[in-house]
Every structure is written in C-alpha cells, then in structure tokens.
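Before any comments, here is the structure.
The values are calculated or read from the model by the stated rules, or taken from the named source; none is laboratory data. The structure presented is a predicted model; accordingly, all values stated were derived computationally and were not measured. A quick note on method: Cβ atoms are made from the backbone with ideal geometry, for glycine too, and the neighbour counts reach across all protein chains shown. For the accessible areas, the whole protein counts, side chains as well, though only heavy atoms, and no ligand, DNA or RNA atoms are used. Shrake-Rupley method; radii C 1.70, N 1.55, O 1.52, S 1.80 Å.
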Amino acid sequence: MSRIGKKFRDIVKRGEKAFIPYIMAGDPDLGRTVELVRILEDCGADIIELGVPFSDPLADGPTIQKAAQRALSGGVTLHKVIDLVADLRKHSQVPFVLMTYYNPIFKYGEERFVRDASEAGVDGIIVPDLPPDEAGNILSFSRKADFDIIFLVAPTSTEERIRLVSKSSRGFIYYVSITGITGSKLSMDSSISSHVSKIRSLSGKPVAIGFGISTPEEASEVARFADGVIVGSAIVKRASDPDASLREYLLSLRKAIS
Amino acid sequence: MPALDELEKAYFALGKDRDFKREIDLLLKTYVGRPTPLYFAKRLTDYLGGARIYLKREDLAHTGAHKINNALGQALLAKKMGKKRLIAETGAGQHGVATATGAALCGLECEIYMGSDDIVRQSLNVFRMRLLGANVVEVAIGSRTLKDAINEAMRDWTTNVRSTHYVLGTVFGPHPFPLIVRDFQSVIGREAKKQVLDAEGRLPDYLIACIGGGSNAMGLFHHFIDDGEVKMIGVEAGGRGIVPGEHAARFAGGSLGVLQGTKSYLLQDDDGNILGTHSVSAGLDYAAVGPEHAFLRDSGRVRYTFATDDEALSAFELLSRTEGIIPALESSHALAETVKLVPGLPKDNVVIVNLSGRGDKDVQQVARIKGIQL
C-alpha cells in the first residue's frame, strides 16, 4: 500500500479528516519551499501537495499562475522539484503529491518520470489536463512502482465518467468543488455533498475536495462530507507572510478540518 | 471532459440533421457570400514567369477571412445545444470578429479573449468586435498573444460550461474541436476543386496555405488529400529566423508535446515549458500546430516550410501592386512561398494559393513597420 493509502486508512480509522495543503515549489525559491514544508508539517498537514511550475497552467487561477511564473523565472523545473523531494524525504515521512501538467511529464518521459519520482520519495501525482482515458501508459508504469495517480471529478461529471475515474484513480479521488479554476469563489450548496456521496458509493475510495476553499469556515463545512480538504491558492497567497501569522492561519484550518 | 463529450454528441447528431445542413448552406450562400471566387492571378503569374497562379478568395468572405466558415457553423451548433453565450480566443482578431458576427446573427452573448500585444497591433479588429456587441477581454499574462488567450478562454469555459460554448478558432484543442473546425472549413477545398476543374479541366499541381493553428490550410487541403498528384505546402511563420523565441515554425524548430488538450508539435524547452513566439502576423504567432498537420507531416503527404517576416512583408506589397489585392499578413506567408516556388515550375503547372484573409486589418501595422505616420 502506498504512503497515501496508509495515511487515509489511519485517518479514517481514527474518524478524522485529512488536511491537504498545496504550495508552489520554488515560489519564490526552493529554500522557502523547504521552510514551508516544515511549517505545514508542524501545523498538522497529512499530505502535502507540491505544485510544479508550468508555463501554461490551464486549471489555475491568477494566484497560482503568478506563483508559477515566479518559480519559473527562478529556474525551477520538474527535475529540480524531484530532487527537492529527495532532500525532504531524508527528514520527513509525510506523503508528497506533485501537481503538474502533462507536458513536462511527457517531455521527461513517463516511465523515467515515474521511476525517478518514486525513487525520490514522491508518492503520487495530480495532472489536471490528463483524463484517465489518455493515461494508459503512465498508469501501467505507476502500478509497478506503487505510485498513485490521482484523477479529478468535476461537478459536471456524468455517472459514466465518475465510474471511469473511480476505477483509475489511486490514493484518493480529487473532487473539484466548483466548475472553474483554482482560487475561484466557492459556492456552498447541497450539490457538493450529493456528488461526493455518489462518488463514494461508486468508488469506495477516499474523496478529497479542493478548489476555492480558503476560510476555516469553508474548510469545516466541506470536511463534513469529505475524507480530506485541499487548500491551495489561499495558502499560496500567504506563502511570504511572517511565519507566525502563516502558522496561525494553518492551525485554524487544521482545527476546522476534523 | 463532460463538456467535450456533450459537444461531440451534439455535433455528430446535428451532422446527420438535414435541416441543420440546409440552414448552414443557405447562410453560407446568402450571408457569407459563398462560393468565394477562384481567381486567376494573371499579372502575378506573368511577373513570376512560371506556373499559373490561382487565388482562392477567402478574403472576399463576409468579415474578410475564412474564419467566418467555422465561427458561423459553431454559433449555430451552440444555439441548437441551447447555449446562451459564446466565447472565443483571437490572435489577429479575425476569428474574434467572426465569432462576434455569429453571436450577433444568432442572438447570443459574446466574449472574446485577446492578448494585450495583439490588441495593440490589431486595434481595428478590436473596435469591430465591440461594434458587433462583443466584450473584448484583455489577456495580460504569459506571452500576451494567442496562446494565453486560448488558456483564458479555456478557463472561462471550465467555469461557465453550462451556459457557454467555446468557439475554438482553429484545428487545435481537444477532440472534437480539430474535427469540427476542419469540417466547417473544408468548404474551401470543396469549392476550389470544382472551380479549378471548371477553369483548367484538371486538378492543380500545388496547393499552398499559411499555417498558424492550421484551419485555412486544413480547409483547403482536406478534399485533395486522396488526390496523390496534388502536392501540398504549408507555410509557417519564420519570424526573424529560426532561433528560440523569434519565430513560430513548429515543424522547423519544435518537438512533440501536449498542450491545451492536443498532442502535436510544439515550441518548448527541455523541461516541457512552452516557449515564446514571434511573428509579424498575429494570426500565425502561436507555439503549437493542429494535430492533423502533425500527422500529414509525419506521413509525408504535406511539405511544411516557413517564410520570414521580411519575405511576408515583401509578398504583401507585391500582391497589392500586381493584382490590386491587399492580402492579410498571414496569407502573405503563403504568397511568399509562392514567390519562391513558382518561377522554377513549368508554365503549364497550376498552383492554388489560399488567400485566407484581406489585409485591411494590417495596414496600420505595416505603416508602423515602414516608419510611415498615417
């Protein structure tokens, strides 16, 4: 079982919910990313999502787009993010998930990427522009390496698509709370809970909810019907804040997700 | 993905619908002004002293370019699907104008995404879109040209997918877009084939078209693909020369990759990030090329080459003087290849050049390049 799988098994057993923060690797530099990972762990992160900067982040709103541009102008690449995880792994057992787009992986070479990333201690990936229909190659490489490929379900997904994602996704299923891009405004309505319970009943896999969650109130609301809550843009916005206020914010999220 | 599934289903269903086809055909005839003429360019032929040159006059289509063939088709498709709003990206502004026109005709709301660099060099088209009732949204991130306008349009579509249809303007993007756009544009080659048979009694020896995403070229080529004796040439933007960031010639300087839902040739660095591009022509200034062109290139059916900014500018002036036709800077790239190729061909050869758009939109920019104050 993967590190992510074990983490969810333990959390579910304890009747808790996973807190999954996202930061952009290399924003504004890799040194800060190392500090942020330590802070996130201190504040109770269960799984850490590391964004890999890409020139054309289609699923991301302005906050993460700008963070990616800052990281790219500092010369951060997929290779360097994998090396970073290898360093972090020396001191940490937290599961790391990379969120990237497909082209950097394609250019790296899928088989080589899965091998290098899992050797470095990366536990899985989220690739928003890679639907399971097109992921045959990387899925077959990842099975051999115990490497999780996490697919997304949108509010507009049909039952047929939910079944396909449920079958293919490993580690957990990422439910996108809104039709939109990261950092958009969340609109809480009953459809989130009904969608998530449908996904759960069709898949039997843990479901984490992300996109648009920024306040502890929203995190707490969403946590009621999910196994995990992902917070991205709102943390990226605060990534250069003084550590004390950043910690305070993260702890308030942690407390809300229970 | 659900939106793409919905679109594919609707498109295939309507493809079989006789009324839909009749409605489109009538509008193409009475609104767009089709068929566009196939014009024998006698003075250009005499000047170059080689093969006989025909121009497929897409510049005479309503709104001034081939883009209307696709935009009108997709606007009608969207209306049938019950969508209330159209969005589109635009580079040179021709596709934006065509989509705004389709929206006005069908009574739909319209929003056009355009890079800030392109807004400056194509200000005339920005004003036309606004006159047609569209809202033009400036995209000031990344390359500030067509690629980032597509990113923003895709983000909008993801957000407003229930009410909105994304009118992609070229043979790119995820399936079914390359197929839909090619189908709507293939009217160009269907007409050209009949017209050249009427005029010459035989098929042409060469087809030449410029390639940004590649919709005008796909439209011209499609009905000739199985005619092995017809040679085809696609002309990309060579910009200031084949140096990273200075051109948009994906076949000359690119490699395989996946961008915006399409696997094709891209201009990218070793880490898979997309490189900046340059072309004097906003419509060709794009880092990727339609996937069917990648296929036609790898299979050897079509030859791809490029023309530089300077070559395109001189072809722009040449056609204006010899034929009294001011071509779009995009189409001027196809003309630049014609200027290189035709003098070496026998006089009984026949060449069709796709004159994909008219140059009115480019006049201000050409004046600026020549240092002339208007």
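General observations
- Residue match in region A:46-57 (condition: of a type in the set (A, V, I, L, M, F, W, C), open to solvent by less than 30 Å² (accessible area, probe 1.4 Å) and part of a helix (DSSP H, G or I)): no
- Counting only helices (runs of 4 or more DSSP H) that sit wholly inside region B:170-280, those with at least 3 residues that are closer than 21 Å to B:Asp25 by Cβ and touching a residue at least 12 places away in the same chain (Cβ under 8 Å) are B:177-185, B:187-200, B:215-221.
- Given (1) touching a His at 6+ places or on another chain (Cβ under 9 Å); (2) open to solvent by 50 Å² or more (accessible area, probe 1.4 Å), index of the condition A:Lys185 fails: (1)
- The listed residue being out of contact with any Ser or Thr (no Cβ under 6 Å at 6 or more places or on another chain), modelled with pLDDT of 95 or more, surrounded by fewer than 22 Cβ atoms within 10 Å (Cβ to Cβ) and assigned to a helix (DSSP H, G or I), out of A:Arg161, A:Arg143, A:Arg115: A:Arg115
- When the test is whether a residue is of a type in the set (Ser, Thr, Tyr) and in contact (Cβ under 8 Å) with a residue 60 or more places away in the chain, A:Ser194 does not pass it.
- Set B:Gln373, B:Gln364: member being more than 21 Å from B:Tyr206 (Cα to Cα) and assigned to a helix (DSSP H, G or I): B:Gln364
- The one condition in (1) more than 25 Å from A:Glu218 (Cβ to Cβ); (2) open to solvent by less than 10 Å² (accessible area, probe 1.4 Å); (3) more than 14 Å from chain B (Cβ to nearest Cβ); (4) of a type outside the set (S, T, N, Q) that A:Ala135 fails to fulfil: (3)
- Looking only at region A:164-175, and only at residues there that are crowded, with 24+ Cβ neighbours inside 10 Å and closer than 21 Å to B:Glu6 by Cβ, the one that is nearest to the other protein chains (Cβ to nearest Cβ): A:Val165
- When residues of region A:10-31 are limited to those that are touching a strand residue (DSSP E or B) at 6+ places or on another chain (Cβ under 9 Å), away from chain B (no Cβ under 14 Å) and of a type outside the set (Val, Ile, Thr), the one surrounded by the most Cβ atoms within 10 Å (Cβ to Cβ): A:Met24
- Residue within region B:308-325 that is among the hydrophobic types (A, V, I, L, M, F, W, C), farther than 30 Å from B:Ser123 by Cβ, open to solvent by 10 Å² or more (accessible area, probe 1.4 Å) and more than 14 Å from every other protein chain (Cβ to nearest Cβ) present: no
- Of the criteria (1) open to solvent by 10 Å² or more (accessible area, probe 1.4 Å); (2) in a loop (DSSP other than H, G, I, E, B); (3) over 30 Å from A:Phe225 (Cβ atoms); (4) within 14 Å of chain B (Cβ to nearest Cβ), which one A:Lys80 fails: (2)
- Taken as a whole, region A:33-54 holds at least one residue that is under 16 Å from the mean Cα position of the chain (by Cα) and hydroxyl-bearing (Ser, Thr, Tyr).
- Of the helices (runs of 4 or more DSSP H) lying entirely inside region A:168-244, those containing at least 2 residues that are basic (Lys, Arg) and farther than 19 Å from A:Thr63 by Cα are A:190-203.
- Residue that is most open to solvent (accessible area, probe 1.4 Å) [pool: residues in region B:141-157 that are at pLDDT below 90 and β-branched (Val, Ile, Thr)]: B:Ile141
- Within region A:83-99, residues that are of a type in the set (Lys, Arg) sit with their Cβ atoms under 9 Å from residues that are surrounded by 23 or more Cβ atoms within 10 Å (Cβ to Cβ), at 6+ positions apart or across chains, in these pairs: A:Arg89/A:Phe96; A:Arg89/A:Val122.
- Options A:Val231, A:Val222, A:Val236; residue that is touching a residue at least 40 places away in the same chain (Cβ under 8 Å), among the β-branched types (Val, Ile, Thr) and touching a Pro at 6+ places or on another chain (Cβ under 6 Å): A:Val231
- Scanning region A:4-12 finds one or more residues that are among the aromatic types (Phe, Trp, Tyr), in contact with a Pro (Cβ under 8 Å, 6 or more places away or on another chain) and part of a helix (DSSP H, G or I).
- Unmet requirement for A:Asp60, which otherwise passes all of (1) acidic (Asp, Glu); (2) within 14 Å of another protein chain (Cβ to nearest Cβ); (3) over 30 Å from A:Ser258 (Cβ atoms): (3)
- Candidate set: region B:110-157, residues that are closer than 18 Å to B:Phe172 by Cα and over 20 Å from the mean Cα position of the chain (by Cα); chosen: the one nearest to the other protein chains (Cβ to nearest Cβ): B:Arg155
- Checking the stated criteria, B:Ile211 turns out not to satisfy the condition of being within 30 Å of B:Gly300 (Cα to Cα) and within 14 Å of another protein chain (Cβ to nearest Cβ).
- Subset tally (residues that are crowded, with 23+ Cβ neighbours inside 10 Å, more than 8 Å from chain A (Cβ to nearest Cβ) and under 19 Å from A:Leu78 (Cα atoms)) for region B:251-283: 1
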